[in-house]
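Derivation of every value follows stated rules applied to the coordinates shown; laboratory data play no part. Because the structure is a prediction, the values reported are computed rather than measured.
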Amino acid sequence: MAASGPPPRASARTSFAWRLRRWAVRLLVLAALGVGAATLWQSEWAQAPRTLWELVRMPPPTALPVPVEGVRARQVADTFGAPRGRDRRHEGVDIFASRGTPVRSATLGVVADIRESGLGGRQVWVLGPARERYYYAHLDGWREGLERGEVVQPGTVLGYVGDTGNAKGTPPHLHWGIYGADGAYDPLPLLRAWQAP
Ligand SMILES: [Zn+2]
């Protein structure tokens, strides 16, 4: 009958060295993963998720530049909440300028949607600070190369003033709206609070 007992074991010394090596390998793998993740996060490829992460943690702005080139805040009429038709209210402000005037993002943001539909016609939606959505509508056209997921800085051209959608035939203007957690709010006080740097 074979002798029973524990299986043969490496000496304590060898076992310690082996464990040490195993931990060293684990640490190296972790460090490599960490460096890889950090590099990826800083890469061009991660620019949108990185910006989204930044935007979500930003407070809503307290002042913003007029998003149409060459227009001053005092030239923008206070029409937020004005009746539109029988059952609608004006959920933004209208910024008049000649056709083709550049429309610039008022904020840091990520382009959430670019489309042509309904009342707004050619439009751009930008996800901005504090997850608020910025609506740029009635555009004559979009800036060449503009695409969904693109990171925009304050001042990045989104498109050009026009009269598309239900603005057809009216003087060209940008309809501009900001939608927070509770829906649209009046952007005009933010424009008036802006001090050009
Ligand atoms: Zn409007």
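A compact table of results
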| item | result |
| --- | --- |
| Sum of -39500 (n - 2.57) over DSSP H runs of 4+, divided by residues of the chain (222 nm, nearest 500) | -8000 deg cm²/dmol |
| Val68 long-range amide H proximity, modeled H, under 5 Å | Arg104 |
| From phi via Karplus (6.51, -1.76, 1.60), per-residue ³J(HN,Hα) for the stretch 53-61 in Hz, x at Gly/Pro | 4, 5, 4, 4, 8, 7, x, x, x |
| Kirkwood hydrodynamic radius (C-alpha pairs) into Stokes-Einstein, the chain, 10 °C and 1.306 mPa s, D in µm²/s | 80 |
| 3J(HN,Hα) from dihedral phi, the stretch 166-179, Karplus parametrisation 6.51/-1.76/1.60, rounded to Hz, x for glycine, proline | 7, 8, 3, x, 9, x, x, 7, 8, 8, 10, x, 10, 10 |
| Built amide H within the under 5 Å cut-off of Gly120, gap 5+ | Asn166 |
| Using alpha-carbon coordinates, inclination of helix 12-42 to the longest axis of the chain, degrees | 10 |
| Interchain or long-range residues, amide H under 5 Å from Met58's placed H | Ala130 |
